[in-house]
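*Asks:* Quick one: the structure is below, and I'll ask about it shortly.
The values are calculated or read from the model by the stated rules, or taken from the named source; none is laboratory data. Just so you know, these numbers come straight off a predicted model, no measurement behind them. Cβ atoms come from the backbone with ideal geometry, glycine included; neighbour counts cover every protein chain shown.
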Amino acid sequence: MPTGRTDVATAEATAGPTSGAGRLPEWIRIRPPKGPLYPEVRGLLEGLQLGTVCREAHCPNLSECWSAGTATLMLLGTDCTRRCGFCAVTTHWPRGEVDRTEPERVASAVGRWGLRYVVLTQVCRDDLPDGGASLLRETVERIRGTAPTTKVELLAGDLGGSEEALRDVLRHPPEVFAHNVETVRSLSRKIRDPRAGYDRSLGLLRRARSLGGNRLVTKTSIMLGLGETEAEVETTLADLRDADVDLVTFGQYLSPGPDHLPVVRYIPPSEFEAWKRRALERGFAAVESGPLVRSSYHAEELFDRAAAARRG
């Protein structure tokens, strides 16, 4: 689900008149929070002082997911050491500070929630020698101990490009290792922090497949509406399949505010459907594609299809 605290008014304020593409089109409408599980999820997260990318990154699907009893938990705090032009998460240099109680609190939440499937993500932590890999691994291990039947999806950063850090994360692998390429090669330097990179992301996904073996499902996400061309998206899909990535999601980029990159174009639902068809034709096991889709939207359903394909 990545991205949080957004209603129709907020979305129109942040992606409306300041956007190069104009006001929000009619197909982008975000429902207000409702449903019996919404207050329960909110209360549990606040009680355990857990961060979610749902809130921090302004996800348009927060109300749908929390009302269904799911959320994407954010590890290593809520401040990121990078500053990407598309992202609403706070940039800060924590100077190596890590809350060592976080893995236990996350595992406690997963156990109390009784989840079949949980998505974990992280802020980038360039201030840590391993990029936070050891804490990611410990969190997965603790979830295995507290809720052994829960499937885990880990949406990781690039870990500074370190293969040693990736090996550490995959010592006790999640069911899904995800890392977002975010955009096409030509736009990567413009929209992402200079420490990130298109080829580094591809390399990480390729190494995860090699290290994780055939049972590990790999996944990525692409934002549309930043000025990419059709040919560039096709090339990105070809690159991802060459890296043997199983799952891909497409979503509309929505600017978090005037200090972030503007939307170049709002992609109509018909084009998202077309990209889904084209990705499936290229051999991805499953695809989610739509204006409000984010990388962990319908994550369990995508995993089930990819796992079946890998068994198959």
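*Asks:* So ALA306 fits all but one of (1) surrounded by 15 or more Cβ atoms within 10 Å (Cβ to Cβ); (2) closer than 24 Å to CYS87 by Cβ; what number is the exception?
*Replies:* Checking ALA306 against (1) surrounded by 15 or more Cβ atoms within 10 Å (Cβ to Cβ); (2) closer than 24 Å to CYS87 by Cβ, the one that fails is (2).
*Asks:* Could I ask something else about it? Considering only the stretch 72-80, I want to know if a residue exists there that is at pLDDT below 90, assigned to a loop (DSSP other than H, G, I, E, B) and of a type in the set (Asp, Glu).
*Replies:* Scanning the stretch 72-80 turns up at least one residue that is at pLDDT below 90, assigned to a loop (DSSP other than H, G, I, E, B) and of a type in the set (Asp, Glu).
*Asks:* List the number of the failed condition for GLY213; all other conditions in (1) touching a Leu at 6+ places or on another chain (Cβ under 7 Å); (2) more than 23 Å from SER255 (Cα to Cα); (3) of a type outside the set (S, T, N, Q) hold.
*Replies:* (1)
*Asks:* Does THR81 meet the test of being loosely packed, with under 15 Cβ neighbours inside 10 Å, under 30 Å from LEU261 (Cα atoms), polar (S, T, N, Q) and in contact (Cβ under 8 Å) with a residue 24 or more places away in the chain?
*Replies:* For THR81, the condition - loosely packed, with under 15 Cβ neighbours inside 10 Å, under 30 Å from LEU261 (Cα atoms), polar (S, T, N, Q) and in contact (Cβ under 8 Å) with a residue 24 or more places away in the chain - is not met.
*Asks:* Scan the stretch 111-128 for residues that are aliphatic (A, V, I, L, M) and surrounded by fewer than 23 Cβ atoms within 10 Å (Cβ to Cβ) and jot them down.
*Replies:* LEU115, LEU128
*Asks:* Restricting to the stretch 279-303, what's the tally of residues that are crowded, with 16+ Cβ neighbours inside 10 Å and not in a loop (DSSP other than H, G, I, E, B)?
*Replies:* 9
*Asks:* In the list GLU138, GLU182, which residue meets the criterion of being of a type in the set (Asp, Glu), touching a residue at least 24 places away in the same chain (Cβ under 8 Å) and surrounded by fewer than 21 Cβ atoms within 10 Å (Cβ to Cβ)?
*Replies:* GLU138
*Asks:* Then there's this: Here's a check for you: in the stretch 286-312, which residue that is farther than 18 Å from LYS151 by Cα and of a type outside the set (Ser, Thr, Tyr) is farthest from the chain's Cα centre (by Cα)?
*Replies:* GLY312
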